[in-house]
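Q: Dropping a structure here in structure tokens format, bear with me for questions.
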Amino acid sequence: MPKSVKESTGDVSRKTGFRKFSDVGISTYLMLSPFVLLFIVFSVYPVLASLRLSFMRYNAICNPDQSPCGSVGFGNYATLIFHDDRFHKALSNTAIYVVGAVILGMIASLSLALSLQEDTKSNRILRVIFFLPSVTSGIAVVLVWGWVFRGDGVGLLNAMLSVFGVHPIEWLATTWMAIPILIFMSLWGGAGFGMILFLAGLNSIPAMYYEAAVIDGAGPKQRFRYITLPLLRPVMVYVGITGIIGAFQIFEGVYLLFPTSVGSIGGLRDMALMIVPYLYDSGFNKFRLGYASAIAWVLFAIIFIVSMINLKLTRSLEDLK
Amino acid sequence: MKRLGAIAVAITMIAGVVFNTPANAAAKQTLTVWATGGDADAAVMKAAGKAFEDANPGVTVKVEAISWGDGYAKVLAAAAAKKGPDVFTGGLSWGISAGNKGALADLRALGVANYVQPKVPAQIYKALVGYKSTKVYAVPFDLTLMMMFYDKTTLKNAGITSAPATIDDFNAAAAKLKTAGVATPVYNEWGNADWLGFFSWLYSMGGSLYDAKCNVTINNSKGVAALTQYKKLYTDFGAPKPGVADWSMNDNIKQGKYGIGFSGNFQASSYYTYYKDYKNWAAAPVPAATGSKSVAFIGGRGISVMGYASGTQQRLAAKFIKTLYDRSVVRQMNLVGAAQNSIFLSPVIDNADTIDAYPADVLKTIKSQLKDAQGPPNCNGWEDSQAGVTTALQSFLFGTATAKAALDEAAAVMKSKL
């Protein structure tokens, strides 16, 4: 019997190429084909096209007499990396934002999950309340925050502070406050989603580990340090990487809360300029589509490298498998 | 045999459709116009379209509104797709920028430029033609003029008897408003802490962004003096920074919370249509340095013809554009504009007289200000320099840089884009 199994598996493993393809059945591929076709047309092709554009001067009009499009080699990348001060500003702002939003977001999510872990009626209600911002329209939420942080006496926060005799604070016009405000908005909107993931992770940890630790005399801090955190590592890696990707792509908050009145985006002194709004500005306000594509690929490279470092540092590749 | 029969039937049907098309269909033409702005702007344009339709039987003018925010991107996207409007109105600098990309038709070749040039102030026409360019991609459609607005009672209560004409008068008036307890003595609505807001102060103190040959001049001594004065609005006279107060200054001026507001003539449009029962509004030219002219920033919209439009469409578009400077057409546009609280200010100065809604003193102010107003520079790279210039100016307005250092930084940005 074992022999037949071995033969059978050996037989399957030797199947390659067309035999393997045909064994799955043509109907499988036919059913997959609508998705594959749409995926190729709307994802693969645009991605590859943007890679090509990133090496070009391209404005989509490409009038051969006035603004010919053509290859610039690594020119767009060289300009971005060595000469574009606004890109450097966007990069540094984004880096600060990502570090703050991801680290504080994970701490907030984990704290909420630990606080609401016990399955009681009140905790279930609170979980829903904390999760609600994650399913609310991002644009609507940002507009509401705009009213909260209005800098005159009409702003909600200033109106509340005025009760205590505090003069109106120019929340959105004070340079150093821009990124903390964006981080705070990200925590409010994203901590609930992370909480759900951490709750799932916490509930998957077998109770016997904690029981054994209690018998061995471990206190709450030791149980958290030596049981909870190590066993939550796969969830932390997932929350961390998705958080990093999401944070690098911040757009609505900057676009709606920190516009400038003429010809720019990013607020006073570019205090809230981030990479994706800058990409949008270059691509769709100035129509420098080749340059904007280069920004997109630099962003991709940064996210890829940071995610790989994250995976390596947490040594969780095996856990993810 | 069956296949041949099917092909024969198909050919017969196509031929039937082609040859039975009414003979007069070729004579019917539709001109599609994109009007940048809101629905009121589109309604004003429709009034011009109606006049054109009446004068040209068989022609339909289709007007669609596009928003300011993404209008430029839409125009370029239309140019890339070679599908969209025949004509569009948009920012004064769009013509140079989109024209240099090859998106627009040369209005000189269509006979529009030569027709319009003598009718509008030279400095406004110049703002739409690229430096040393032999082609004209846009001509002025309407104007937005930077002006000073206030409530007569508020100034009177503060002991100010007339609108400040000089910068010294303005500083004294703003100080009096502050002393009188006006919460926000000065408010910049249009171009707040931006190059646009700074523009009128710079030019009214004898400075400029570039000279006539497009050499950068923003960082000379006049520029430094103007920027130092501009900063006073924020440090001494309580002008709110961008993002602090909302954009609507009318109610605040009316209630005496704001003293003097700087904005475009669209505010006057609002005062004398929507708020027409309130009689204390006043508008005045922007203040100037002693011995200098009051030079207001002039914005507004240019009008262009898309390069992909067929020759027939381009000629029709050119014919339509020429009518927009006709006094009777402008009058129709202003009647609709007044009903929509959006008065149309023609670039032909004398056409301002067709605006019935404005009191005589406001019309006089607008007409006198138009004569010396300046549009945005037509120098290469200005469009791409704006963001960098604004950031540099703000490093002095709200940062630690000196005025000279900030302007040197702005000049470096402008030179790098030339």
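The values are calculated or read from the model by the stated rules, or taken from the named source; none is laboratory data. Given the structure is predicted, the values throughout are model-derived calculations rather than measurements. Counting neighbours? That spans all protein chains shown, and the Cβs are built from the backbone with ideal geometry, glycine included. Accessible surface is based on the protein model in full, side chains and every heavy atom, while ligands, DNA and RNA are left aside. Shrake-Rupley method; radii C 1.70, N 1.55, O 1.52, S 1.80 Å.
Q: Check B:139, B:87, B:116, B:129 and return the single one that is of a type in the set (A, V, I, L, M), more than 24 Å from residue A:69 (Cβ to Cβ) and open to solvent by 10 Å² or more (accessible area, probe 1.4 Å).
A: Only one candidate qualifies: B:129.
Q: Would you mind stating whether residue A:127 is charged (D, E, K, R), more than 30 Å from residue B:193 (Cβ to Cβ) and under 23 Å from the mean Cα position of the chain (by Cα)?
A: yes
Q: Follow-up. Select from the range B:389-408 the residues that are more than 16 Å from residue B:194 (Cβ to Cβ) and touching a residue at least 40 places away in the same chain (Cβ under 8 Å) and write down the one among them that is most open to solvent (accessible area, probe 1.4 Å).
A: The residue in question is B:404.
Q: Any residue at all in the range B:163-175 that is open to solvent by less than 40 Å² (accessible area, probe 1.4 Å), within 24 Å of residue B:131 (Cα to Cα), of a type in the set (S, T, N, Q) and part of a helix (DSSP H, G or I)?
A: No - not one qualifying residue is present in the range B:163-175.
Q: Please return the ranges of helices (runs of 4 or more DSSP H) entirely within the range B:356-418 where 2 or more residues are within 14 Å of another protein chain (Cβ to nearest Cβ).
A: Passing ranges, in order: B:382-397, B:403-417.
Q: So, one more: Restricting to the range A:164-174, what's the tally of residues that are more than 8 Å from every other protein chain (Cβ to nearest Cβ) and touching a residue at least 24 places away in the same chain (Cβ under 8 Å)?
A: Qualifying residue count for the region: 0.
Q: Given the criteria loosely packed, with under 15 Cβ neighbours inside 10 Å and in contact (Cβ under 8 Å) with a residue 40 or more places away in the chain, does residue A:94 qualify?
A: no
Q: Can residue B:308 be described as surrounded by fewer than 24 Cβ atoms within 10 Å (Cβ to Cβ) and within 22 Å of the chain's Cα centre (by Cα)?
A: So residue B:308 does not fit the description; no.
Q: Scanning for something within 14 Å of chain B (Cβ to nearest Cβ), outside any helix (DSSP H, G or I) and hydrophobic (A, V, I, L, M, F, W, C), does the range A:69-84 turn up at least one residue?
A: Checked against the condition, which is being within 14 Å of chain B (Cβ to nearest Cβ), outside any helix (DSSP H, G or I) and hydrophobic (A, V, I, L, M, F, W, C), the range A:69-84 yields at least one hit.
Q: Follow-up. Please enumerate the residues belonging to the range A:175-185 that are surrounded by 19 or more Cβ atoms within 10 Å (Cβ to Cβ) and within 14 Å of another protein chain (Cβ to nearest Cβ).
A: A:178, A:181, A:182
Q: Which condition number in (1) closer than 30 Å to residue B:97 by Cβ; (2) β-branched (Val, Ile, Thr); (3) part of a strand (DSSP E or B) is the one that residue B:136 fails?
A: With respect to (1) closer than 30 Å to residue B:97 by Cβ; (2) β-branched (Val, Ile, Thr); (3) part of a strand (DSSP E or B), residue B:136 is out only on (3).
Q: Is at least one residue of the range A:230-250 within 21 Å of residue B:391 (Cβ to Cβ), free of Cβ contacts under 8 Å to residues at least 40 places away in the same chain and open to solvent by 20 Å² or more (accessible area, probe 1.4 Å)?
A: No, the conditions are met nowhere in the range A:230-250.
Q: For the range B:342-362, which residues satisfy the criterion of being surrounded by fewer than 17 Cβ atoms within 10 Å (Cβ to Cβ) and under 19 Å from the mean Cα position of the chain (by Cα)?
A: If the condition is that a residue be surrounded by fewer than 17 Cβ atoms within 10 Å (Cβ to Cβ) and under 19 Å from the mean Cα position of the chain (by Cα), then B:350 is the only one that fits.
Q: Could you tell me which numbered condition residue B:54 fails, if it satisfies all but one of (1) at pLDDT 90 or above; (2) outside any strand (DSSP E or B); (3) open to solvent by less than 70 Å² (accessible area, probe 1.4 Å); (4) of a type in the set (Asp, Glu)?
A: (3)
Q: Select from the range A:200-229 the residues that are buried (at least 17 other Cβ atoms within 10 Å of the Cβ) and among the β-branched types (Val, Ile, Thr) and list them in ascending order.
A: Passing the criteria: A:227, A:228.
Q: So, one more: For the range B:340-355, which positions are touching a residue at least 24 places away in the same chain (Cβ under 8 Å) and either part of a helix (DSSP H, G or I) or aromatic (Phe, Trp, Tyr) (or both)?
A: Residues satisfying the conditions are B:344, B:349, B:351, B:354.
Q: Now, a different point. When you scan the range A:286-305, how many residues do you find that are in a helix (DSSP H, G or I) and open to solvent by 50 Å² or more (accessible area, probe 1.4 Å)?
A: Qualifying residue count for the region: 4.
Q: Within the range B:221-238, work out how many residues are hydrophobic (A, V, I, L, M, F, W, C) and surrounded by fewer than 24 Cβ atoms within 10 Å (Cβ to Cβ).
A: Residues meeting the conditions: 3.
Q: Hey, among B:279, B:241, which residue is surrounded by fewer than 19 Cβ atoms within 10 Å (Cβ to Cβ) and among the basic types (Lys, Arg)?
A: The unique qualifying residue is B:279.
Q: Being open to solvent by less than 50 Å² (accessible area, probe 1.4 Å) and among the basic types (Lys, Arg) is the filter here; which residues of the range A:40-91 pass it?
A: Of everything in the range A:40-91, just one residue is open to solvent by less than 50 Å² (accessible area, probe 1.4 Å) and among the basic types (Lys, Arg), namely A:86.
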